[in-house]
Amino acid sequence: MKARVPFLDISAQVRPLHATILKSWSRILATGQFVLGAEGEALERECAGLLGCRFAVAVHSGTDALVIGLRALGVGPGDEVLTTAFSFFATAEAICLVGAKPVFCDIDPETFLMDPLDAARRASRRVKAILPVHLYGLPVPMAPFRSLARKLNAKILEDACQAFGASDTDGNCGTLGHAAAFSFYPTKNLGGAGDGGLLTTNDRKVADLALQLRNHGSTRRYWHERLGYCSRLDELQAVVLRAKLPHLKAWNLRRQALAGVYHEGLGRVRGIRLPSAKPSCIWHQYSIRVRDGRREALASHLAKDGVATSVFYPSPLHRQPAFAGKKAGSLPAAEQAAEEVLCLPIYPELKSSQQSQVIQSIRRFFR
Ligand SMILES: Cc1ncc(COP(=O)(O)O)c(C=O)c1O
């Protein structure tokens, strides 16, 4: 049965853009220029302009942006990378894919973001980079990571996959470290009609390396300076993203308004804890904590009321079989978050009447 309040409604977002997208797609189908063409270049220019960085390199996915970003920053076998234990798998997968070792750090239980004090405790001389994640669309306060990076002579790669358009007093996500990775996966706040990603930086050398790496390490046709990847963003995707880009600011504002309504409507409900109401967040997810082991019960109650929810993420990274090594209890804040978080529907097309159903249903559960 289809939920009355779906967790996400991607087709509703694309519907008003159909005509624009189809017109450009027809033109591209007629020219046959499917990769590394004018649409991709225009997207890179527009993203760089919007984010306020010097260079933007479009790639095949957010994961590739992380891998290429790490390599372009000089991270490789034998190096360590400090990162959060509470993120999507790809954050740490990318570190392993370049031959380095992820050093998992605990999170601040208030914000779900990587804790800089714990990072400093776990740092060694082998650390070549720090990879914090702007989780759920909330910018990581960067100052403590910058001073740690200076002390370690390490680079900062932002995982901005959930935070296109988010900014705080420090600047825009994507411009706060030495480089940043974005994802255009369809469910992201700027999502394509398939996979896509972007690497941003203000460093020309990093950008030049990324341009090579995304295209088989090639500097000119059939000349390869190094091993790279087949990781270009195709033109059909660039069209979809360019059609969405002018709406992103309004969409992010709508997410912020919806978060405000959740805060208001759920503020007095006992048994849950709301995410901190930071104005810098663009609310890629609205993630509440459900106390006393009642998350699954609340999720099934909401499902019965026709409200879909999701859990990002049910297992912290250090407990994933692919990285297993750390004992339960070694990163307690991340482990507790994984047990408690429940993400509620939040997207620009969510109707106020649908949001009320979510709020009423949660209130009924705890009454
Ligand atoms: C925090 C984070 N990092 C990395 C990724 C990987 O992006 P992609 O799925 O485009 O490879 C995602 C998205 O799935 C993500 O949410």
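The values are calculated or read from the model by the stated rules, or taken from the named source; none is laboratory data. Note that the structure is a prediction, hence the values are computed from the model and not measured. Virtual Cβ from ideal backbone geometry, glycine too; neighbours counted across all protein chains shown. Surface accessibility is based on the protein's heavy atoms, side chains included, excluding ligands, DNA and RNA. Shrake-Rupley method; radii C 1.70, N 1.55, O 1.52, S 1.80 Å.
Remarks
- Filter result for Trp251 (at positive phi, among the aromatic types (Phe, Trp, Tyr) and open to solvent by less than 60 Å² (accessible area, probe 1.4 Å)): no
- Region 262-278, subset in contact (Cβ under 8 Å) with a residue 24 or more places away in the chain and more than 24 Å from the chain's Cα centre (by Cα), residue surrounded by the fewest Cβ atoms within 10 Å (Cβ to Cβ): Arg270
- Of all the residues in region 318-353, those that are under 16 Å from Ala257 (Cα atoms) and within 25 Å of the chain's Cα centre (by Cα) number 8.
Results for (1) small (Gly, Ala, Ser); (2) touching a strand residue (DSSP E or B) at 6+ places or on another chain (Cβ under 6 Å), shown as yes or no for each residue.
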position	(1), (2)
Leu50	no, no
Arg54	no, no
Leu82	no, yes
Ala149	yes, yes
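- Scope region 1-49; condition in contact with a helix residue (DSSP H, G or I) (Cβ under 9 Å, 6 or more places away or on another chain), of a type in the set (Gly, Ala, Ser) and not in a loop (DSSP other than H, G, I, E, B); matching residues: Ser24, Ala38, Gly40, Ala42
- Selection within region 279-336 - aliphatic (A, V, I, L, M), touching a strand residue (DSSP E or B) at 6+ places or on another chain (Cβ under 7 Å) and either free of Cβ contacts under 8 Å to residues at least 12 places away in the same chain or assigned to a loop (DSSP other than H, G, I, E, B) (or both): Ala308, Val311, Leu331
- Out of Ala308, Ala338, Ala259, Ala297, sole residue that is over 30 Å from Leu50 (Cα atoms), out of contact with any helix residue (DSSP H, G or I) (no Cβ under 7 Å at 6 or more places or on another chain), open to solvent by less than 10 Å² (accessible area, probe 1.4 Å) and of a type in the set (A, V, I, L, M): Ala338
- Test result for Ala207, open to solvent by less than 30 Å² (accessible area, probe 1.4 Å), away from the ligand (no atom under 16 Å from the Cβ) and touching a residue at least 12 places away in the same chain (Cβ under 8 Å): yes
- Qualifying residue in region 161-181 (condition: free of Cβ contacts under 8 Å to residues at least 12 places away in the same chain and within 27 Å of Asp79 (Cβ to Cβ)): no
- For region 187-199, filtered to residues that are open to solvent by 10 Å² or more (accessible area, probe 1.4 Å) and more than 12 Å from the chain's Cα centre (by Cα), the residue that is farthest from the ligand (Cβ to nearest atom) is Ala193.
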